[in-house]
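The values are calculated or read from the model by the stated rules, or taken from the named source; none is laboratory data. No experiment lies behind these values; they were computed from the predicted model shown. When we count neighbours, we look across all protein chains shown, and the Cβ atoms used for this are built from the backbone with ideal geometry, even at glycine.
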Amino acid sequence: MTNPSESEIMHTTILVDVQLQRTDADEHDASLQELRQLIETLGWKIAGALTQKMSSLNAASLIGPGKLEELSDLVKASPEVDSVVFDHELTTTQVRNIREATGVDVYDRPAIILEIFHRHARTKEAQLQVELARLKYLAPRERVVGAKERKGGGRGARAVSESFHELERRQVRDRIRELQRELDVVHAEQVERRRHREGLSKVAIVGYTNSGKSSLMRALTSSDVLVADQLFATLDTTVRALQPETQPRILVSDTVGFIRNLPHDLVASFRSTLDEALDASLLLHVVDASDPSLRSHIQVTREVLDGIDAGKLPSLLILNKIDAVDIAQKALLKKEFPDAIPMSALNPRDIEALHERLVKFFLDNMTQVDLVVSYGKEGVLAEIRKNVHVLKESYDEKGMCLTIKATPGTLTALKRRLAS
């Protein structure tokens, strides 16, 4: 694959579009348009496209032999082209055969997604996660130039080539183990940070990439979260307090965006990041209401959430960018999603209304209890005033007597602190 450090150099590619007869035309078109956006996110130029309709995929090269020859001719006729991109996942054999036929780098859809994640990883955790996923996914597809090709072939050359492959496989396995160990340490730190937030009121923003999650995060928390009209502009989880601050505080976290055919190894590597969603009391499922593919986007997000056991958490469907939707479409969306919240993350009144909705959600789920904070435990009082709703307080011989309202999780954590 192309060295990511060369991202400044103009990269030119040819897009290969394969449509299976059983695939819905609208879904196919949406997937192809999304792949174009992914390629543009990398800053690559699309020099041309090759299309083929098929009843089944070719095991050797995905496309038929005639189309593969046509693709090779197309690449040779365009000296600036240095890669081809397929909107399907390719096997190791297919990558090798296509590369040998065209003489240029070969990418499939998951590889493009991984390349974007590699470029956008900023924190140590994200960089470790992406490198681990890239090694697991891309290493088997990389073609090692063996001794046979360098020295002219022969039985001995083949043996040297095989030992070369084995050496690389061992190096890759060793690096994967090393990355996993480093990630385990980072994950333990994340678990410890989440333990300190145990019992707090937490909201996680989830949804398809480029649906406006970062804009919503910025608006709800008055934070400087990066907002960009790009797929996967941000990868790292951010946790901020809802603004204006409430009593108790409500924490809001943003998570990595989802997309069709998100590589399995990438989901697995980002598990610690996605655990922020699993750790939340409420999910804000953000959808771009103006996107014709919003229904499939909803489905993809739900499938990923189910995959991390977060599918049954309470959630609010946010139909974002509603200002870009015409009146007729708004009526259809209201009928289809009656419980959804139509809004724009850029509209202060919509943000204020959502703020009130979040506060109400947690107040409605709070329990009123009487609590005694014994003398010597005064250090817990600051935490109580920050994280619960204090209705009444007084003193007696045992300590401070409080009447509070708090979520069940907060009460459990608080009673554990007072008992320790």
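What the table shows:
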quantity: Residue match in segment 106-118 (condition: charged (D, E, K, R), in contact (Cβ under 8 Å) with a residue 24 or more places away in the chain, in contact with a Leu (Cβ under 9 Å, 6 or more places away or on another chain) and not assigned by TED's automatic domain parsing to the domain that holds Arg177); calculated: yes
quantity: Residue satisfying all of: in segment 355-389; surrounded by fewer than 17 Cβ atoms within 10 Å (Cβ to Cβ) and assigned to a loop (DSSP other than H, G, I, E, B); farthest from the chain's Cα centre (by Cα) among these; calculated: Tyr375
quantity: Subset of segment 86-103 (residues that are of a type in the set (A, V, I, L, M) and in contact with a helix residue (DSSP H, G or I) (Cβ under 6 Å, 6 or more places away or on another chain)); calculated: Val95, Ala101
quantity: Listing of helices (runs of 4 or more DSSP H) fully contained in segment 43-120 that carry 2 or more residues being surrounded by 15 or more Cβ atoms within 10 Å (Cβ to Cβ) and in contact with a strand residue (DSSP E or B) (Cβ under 6 Å, 6 or more places away or on another chain); calculated: 65-76, 92-102
quantity: Answer from Val185, Val256, Val239 - the residue that is touching a Lys or Arg at 6+ places or on another chain (Cβ under 9 Å) and modelled with pLDDT under 90; calculated: Val239
quantity: Members of segment 355-389 that are hydrophobic (A, V, I, L, M, F, W, C) and without any contact (Cβ under 8 Å) to a residue 24 or more places away in the chain; calculated: Leu381, Ala382
quantity: Any hit, segment 401-409, residues being in a helix (DSSP H, G or I), in the same structural domain as Ser215 (by TED's automatic domain parsing) and within 30 Å of Ser211 (Cβ to Cβ); calculated: no
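A quick yes/no check of all residues on (1) of a type in the set (Val, Ile, Thr); (2) closer than 25 Å to Leu242 by Cβ; (3) touching a residue at least 60 places away in the same chain (Cβ under 8 Å); (4) out of contact with any Lys or Arg (no Cβ under 8 Å at 6 or more places or on another chain):
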residue	(1), (2), (3), (4)
Leu283	no, yes, yes, yes
Arg295	no, no, no, yes
Val300	yes, no, yes, no
Glu303	no, no, no, yes
Leu316	no, yes, no, no
Leu319	no, yes, no, yes
Ile322	yes, yes, no, no
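For (1) modelled with pLDDT of 90 or more; (2) farther than 17 Å from Ala277 by Cβ; (3) under 21 Å from the mean Cα position of the chain (by Cα); (4) of a type in the set (Ser, Thr, Tyr), each residue gets a yes or a no:
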residue	(1), (2), (3), (4)
Glu192	no, yes, no, no
Glu198	no, no, no, no
Val206	yes, no, yes, no
Leu216	yes, no, yes, no
Ala219	yes, yes, yes, no
Asp224	no, yes, yes, no
